[in-house]
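Structure first, commentary second.
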Amino acid sequence: MLLSPALMEIPLFPLHTVLCPGIALPLHIFEPRYRLMIERCIEHSAPFGIVVIRQGREVGSHDVAIAGVGTFAEIREATRLPDGRYDILVVGGGRFAVETVDTAKEPYLVAEVTGIDDQVGDLATATSLAARAMRRFVAYLQLLQPMEGETAEEIDVRVEIETEHDPERTEPGGVAAETPKATEPKADVPGAAGSEDDPERAARLEEAARRLVIPDDPTVLSYLLSGIIQIDATRRQQLLEAETTEERLIALDRLIDRELWMLRRRLRFFAPDNRLEAVRRN
């Protein structure tokens, strides 16, 4: 529902994940109120808004605190299951700022939002930062590949950017399990750690890298990297909310630097065991 040239009314879907523009996100819709929301969006070919939950639960109540900036979710694929549930695939559109939220109008949240125009900042600086970020991101992806004896999962994220057609590639990639996450082409790149000892793997990495077409637009690239890098929702939301592309790329560079430091020491693959938390406190 269009309220003014700058203000629009959209349904909101709060999640514990951040959707970045250009990133595809598979969702399983099972709550009756969100089934209704998706039915209406499909009927009217309208987007809904995804906002990250700062506090509260995804399911069961309106008692959640949400971020003030979200992303328009455009439905690209939708499958209605026999029992009324939906499996959908959305792609992040532009960003919006939440102005007001109405919890009573519909079973789901409805918000008045204002679209946010992307500001590049200094174009020359942003272009230079984008090139640097991409180079370092390739190194990051290389280090993410599990070495011999490691069992870390490869990144598998789907993004909406052009790729060269591969008639033999029929599988779009995997989908994360519990919490819906973005999916994108295999993060295989030439020269990945250990690939020199595995000719078949090296060839696969080279072919995957050949297919991927890196976007020239520094803003598009900044969102692409923000959606792929393996960070927590709080940091990803900060990247989404960056006022300019230049600021987002500066923040990305710092995050990639941190990740590279950890990966080179193979610390990235280790996580604390929460079962020992009580022991540590004692």
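A few points about this structure:
Each row is one residue, and each column tells you yes or no for (1) exposed (fewer than 14 other Cβ atoms within 10 Å of the Cβ); (2) touching a residue at least 12 places away in the same chain (Cβ under 8 Å); (3) touching a helix residue (DSSP H, G or I) at 6+ places or on another chain (Cβ under 6 Å); (4) closer than 12 Å to Phe13 by Cβ.
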| position | (1), (2), (3), (4) |
| --- | --- |
| Ala65 | yes, yes, no, no |
| Arg80 | no, no, no, no |
| Arg85 | no, yes, no, no |
| Phe96 | no, yes, no, no |
| Ala104 | yes, no, no, no |
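- Taken together, the residues in segment 88-123 that are over 28 Å from Ser222 (Cβ atoms), assigned to a loop (DSSP other than H, G, I, E, B) and not aliphatic (A, V, I, L, M) amount to 5.
- Of all residues making up segment 67-78, the number that are under 14 Å from the mean Cα position of the chain (by Cα) and open to solvent by less than 20 Å² (accessible area, probe 1.4 Å): 3
- Look at (1) among the β-branched types (Val, Ile, Thr); (2) under 23 Å from Leu27 (Cα atoms); (3) touching a strand residue (DSSP E or B) at 6+ places or on another chain (Cβ under 6 Å) and you find that Thr114 fails only one, number (2).
- Selection count where residues are within 14 Å of Ile116 (Cα to Cα) and touching a helix residue (DSSP H, G or I) at 6+ places or on another chain (Cβ under 9 Å), scope segment 242-258: 3
The values are calculated or read from the model by the stated rules, or taken from the named source; none is laboratory data. Being a predicted model, the structure only gives us computed values, none of them experimental. Note that we place each Cβ from the backbone using ideal geometry, even for glycine, and neighbour counts take in every protein chain shown. Please note that ligands, DNA and RNA were not included when accessible areas were found on the heavy atoms of the full protein model with its side chains. Shrake-Rupley method; radii C 1.70, N 1.55, O 1.52, S 1.80 Å.
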